[in-house]
Every structure is written in structure tokens, then in C-alpha cells.
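Quick notes on the structure that follows.
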Amino acid sequence: MTDLDRCLLVRMRGHAITDELAAWSRDGLGGVILYRDNIRDQEQLRTLIADLRAASPDVLVAVDDEGGDITRLEAATGSSYPGHRALGEIGDPALTWDVAAAIGGELAALGVNLDLAPVADVNTNPMNPIIGVRSFGADPGVVAAHSAAFVGGLQSRGVAACAKHFPGHGDTDRDSHLTLPTVSRDEADLRRIDLPPFAAAIQAGVRSVMSAHVLVPALDTEPATVSERILTGLLRAEMGFEGVVITDALNMNAIQDTMGIEAGAVRAMSAGADLLCLDTDWETQQAVRHALAREARSRPAFRARLTQAAERVSALAEWADPETEAEADPALGLRAARRALLVSIGDGAPLPLAGPPYVVQLRVTPDRAGIGGRAASLLATLLELDPRVDGVTLTAEPDPEAVLPAAAGRPLVVAVRDAHRHEWQRRTIEGLCARRPDAVVVSTGLPSDRDLAPGRFLCTYGGGRAQVRAAAEALLGAPEDGR
């Protein structure tokens, strides 16, 4: 085993471990991160993780499972648990602890021992395309309390948590998957707004922190992931974090297009990162490995840095001990989603609707991170509850006059997601509601679209399956069995 192998968290392809990955795991690979395309069903996932563990008992097996919009275990259907913003709106950290413990229990039962959650970013910019409802909110105190609770619940099941994205990705209007965003706050506001949730997570014992691919001029002229001032000076020396620093994926354009993956890996390690996330193909992973090895051969200080990082990763793997017998409460997520649902009647008629509605569902193409277009379908969820429901899904601006005839004689529901960021959606909502002021607008994002609805408005604060189900129940009426 080499220290540099221990410092890599790599993506794999397919549903089964390859001979190359098995050999690399035996040689001391730090971890494997699993995505939607690695998971067919729970039986296959158990077999895959068992094979990884057979190759290396101390390999980290990681996923991104935040609840709400971001889930790996339930990517095909949507999460059974509400996401961060919904939990923040409820305002009950004990419930957040319970939800995180439930997610952790499901991960633990499958052998996953590292969950790249919670999102500790304070989402103060409503135009943020990548954080949004993944954040617990725009108030630092709320985000801090719920970040700490999520860490506690998750880690109670022996699954390591990861607070992300340090030092804060909430005040941007760009997605670091696509470009290098800039956080323009001054240092005083950074310390007042962005840092408290990370401090709370550290106080709660979080085992890892993920760096953000953002430029923070108030702190450094280098992106945070490759900034020694931010990772070593601020996070470790000043804030006292002693766990594992994980980079966000180094193939994201914020790094790939500005310095390249290989140089980014070397610079991140030099700055204080311990585990380098490589959401890349095998060839790129090996190129990064060789780049680290070249640097280690030429710089004794870099070799020492690799050794330090490898020791931290090994300590994390030793700590992580998933509680495979954790009990689950399958109804917890839906109960929480019902509590989070915002229902504004205004001058409209009370809910439930008078009959099965016609649904106009406005959707955007999924971005690179899969956020914004993968929300559970309100139309499909309503159809599950009542097959008489009808509707259409649109990905571009329609002529309202062409849409409305199909809704004649029926209640009209317009389903949207953050229309304040998509002008064609705003125009569509305005056009439909002008002609049908009785329409109900349902947002599966933030409540910024409420001003477009003259009457009834619902907001789920996220597109998880449980959250969309809660909205569907409000429209049609609670199920007779009360579940």
C-alpha cells in the first residue's frame, strides 16, 4: 500500500467490481464513491459492497444521500425523506436528527460508511443554481443547528458525515460543476454567515468536511480547494477541525478548466486536503495517481503531506462502523414532508380540489449535477393516487391558449421548480393564471414563485418523493388509511 493510494476516492463504472478495482483496493485504495448508475437494486448493491470489502475491509464506500433532491439509494424513485430546506422550515432539529439517523440506518444496512452530507451552506442567494433547497435555509443559526443535528443522527448509525461545501457555496449565482464561482462577501460577513454552520458541525464531531470549488477573495486569491490559507489556516488551525478534508470532485469545471485535474490534485493535497474525489474514468484516475507520485518523488515535504493525509483517511475508515441492524421507520419521511408543506390559499377555494385536476408540469433539463430536473413528478404522483388525473409535461414555453382547452371543466394545477430562475416558466405561469385565476401553483423548489399565484399556492421545499407526495395529498385529500 502507498500513502497516495489511500488519499484517493474514486468513481467506478457499472454494477460490479472489476479486477482492476479489486486489485487497487487490495493495494490500499482509500475509497469508492457510488453514483446512480452503480446501483440497480439493494441486492446488487449489497453484493457490490461485499466484494469491495472482501478486497479491502477498510475501504471507504461513499454516497451522496442528503434526502430530498439528492439521493443515490432511491435515485430511480426519489427520496423517501424530505431534504434540508424542508427540515429547516419545520424548525425541529430533533426531527432532523431522526431523519438523518433513518438515512444513516439505511446506508449502514447496505455497508455504506461515508455519506457526503449534510450541506452546511447558507443559501442567501436565491439565484443559486446548485445549492437552493439543498441548504437548510438562509439563516446561519438555523443552518448551524440543523447541520449539527444531521451530523449527530447520521453518525449515530456508524456512518461518517461530511459537512459541505467549505467555506460556503451559498452566496453564488454560478454552479462549480460548470465554472469557477466567486463568493463576494467581505471577511466579516463570511465569519458571521458562512462559517457558523461548519463550526457547529465540527463541534458536533463531524468526521469529514468537503471543500468548495469557489473563489473567496476575502480569504485568498486561490480557489478554496487549493488554498492552504483556507484548508489549513482557517479550517484546521483556527476552527480546530481534525478529521478528513475531502475535495469536491476534481473533474468539475471549476478545477478542470482553470488548472487541470492533475495539477488540481497536487495543489489540493499540498493545501491540506486528505481525500481527493475523482469522478472520472480509469485513465484519468491513473494519471492523477502518477502526478502525485511524481510530486512525492521530487518533494520530501509532499511525501510527508501524503503520509499525514493517509493516516487521517485510515483513522476515518477505522472509526466508521455501520450499524447494520438499525431499525427503520418507513413513515417518518412522509410525516416530516407533510409538516414542511407550505399551503397558501389566499382568495382561492379551500383544498382539496373539487375533482381530479389537469396538471401542467414545467420542467427544466437536468444540469450536470442532476439538480433541478430530477425532482419527483407531481403529475405521476397524482396519477398514482387517482388515475382520473390528466396533464402534460412541458420543457419549453407553450402558447397558453393551446394548453388550456384540455383543462376545461377541471381544476388546473401548474407544477413548477424555481421559476424565478427560468423566465419562460414565469411567463407560462402568468399566462395560465391570468386566464385561470382558480389555478393552483405548486412549487417543488423555493417559495419565490408565490407572487405569480393570485390564489392558491403550495411549496414543498424540494422535489423528494415524500415531499411531492405530501403536495399531492393536499390537492386530492389525505388517503383514507391516514398513512
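The table below gives the values:
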| item | result |
| --- | --- |
| Phi-based couplings in Hz for region 395-406 (Karplus 6.51, -1.76, 1.60; Gly and Pro marked x) | 10, 8, 5, x, 7, x, 5, 7, 8, 5, x, 5 |
| Förster-model FRET efficiency, 51 Å R0, ARG294 and VAL343, C-beta, rounded to 0.05 | 0.30 |
| Calculated diffusion of region 276-366, Stokes-Einstein form, Kirkwood radius summed over Cα pairs, 25 °C and 0.890 mPa s, µm²/s | 120 |
| Charge context of ALA161, other residues only, Cβ under 9 angstrom, K/R +1, D/E -1 | 0 |
| Shape category assigned to region 259-300 from the gyration tensor of Cα positions, a/c cut at 1.5 | oblate |
| Cα shape, region 59-148, gyration tensor, a/c 1.5 rule | prolate |
| Potential extension, THR77-ASN253 segment - 0.36 nm per residue separation minus Cα distance | 60.5 nm |
| Peptides 177-183, 58-64 ordered by average Cβ neighbours within 10 Å, highest first | 58-64, 177-183 |
| Structure-based [θ]222 nm, the chain - -39500 (n - 2.57) summed over DSSP H runs of at least 4, per residue, nearest 500 | -11000 deg cm²/dmol |
| Relative contact order [Cα under 8 Å, 6+ residues apart], the chain, whole percent | 16 |
| At most 14 other Cβ within 10 Å, DSSP loop - GluC sites (Glu not before Pro), region 247-352 | GLU325, GLU327 |
| Gain upon complete extension [GLU242, GLU222; 0.36 nm per residue less C-alpha separation] | 5.0 nm |
| Accessible area per residue in Å² at 1.4 Å probe, computed on the chain | 37 |
| Debye intensity ratio I(q)/I(0), log10, region 199-258, q values 0.14, 0.30 Å⁻¹ (C-alpha model) | -0.39, -1.26 |
| For LEU178, distant residues with modelled amide H under 5 Å away | ASN253, ALA254 |
| Karplus 3J(HN,Hα) series, Hz, for region 94-108 with 6.51 cos²θ - 1.76 cosθ + 1.60 (x for Gly, Pro) | 5, 5, 4, 4, 5, 5, 5, 5, 5, 4, x, x, 5, 5, 4 |
| Cα convex hull volume per residue for region 16-59 (Å³) | 61 |
| Separation of alpha-carbon centers, region 122-170 and region 428-483, rounded to whole Å | 25 |
| Fraction of antiparallel bridges per DSSP, the chain only, in percent to nearest 5 | 10 |
| Angle between the chain longest axis and helix 300-319 axis [Cα atoms, degrees, rounded to 10] | 50 |
| Pair GLU325, GLU384: separation of 7 Å Cα→Cβ label points (nm) | 3.2 |
| Cα gyration tensor shape of the chain, rounded if a/c is under 1.5, else prolate or oblate by comparing a/b with b/c | prolate |
| Burial ranking of peptide ranges 384-391, 98-105, 253-260 (average Cβ count within 10 Å, highest at the top) | 98-105, 253-260, 384-391 |
| Inter-part distance where region 39-116 and region 275-311 are each reduced to a Cα centre, Å | 28 |
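The values are calculated or read from the model by the stated rules, or taken from the named source; none is laboratory data. Computed from a predicted model, the values in this text were never measured in an experiment. Every residue, glycine as well, gets a Cβ built from its backbone with ideal geometry; the counts of neighbours run over all protein chains shown. SASA here: full protein model, heavy atoms, side chains in, ligands and nucleic acids out. Shrake-Rupley method; radii C 1.70, N 1.55, O 1.52, S 1.80 Å.
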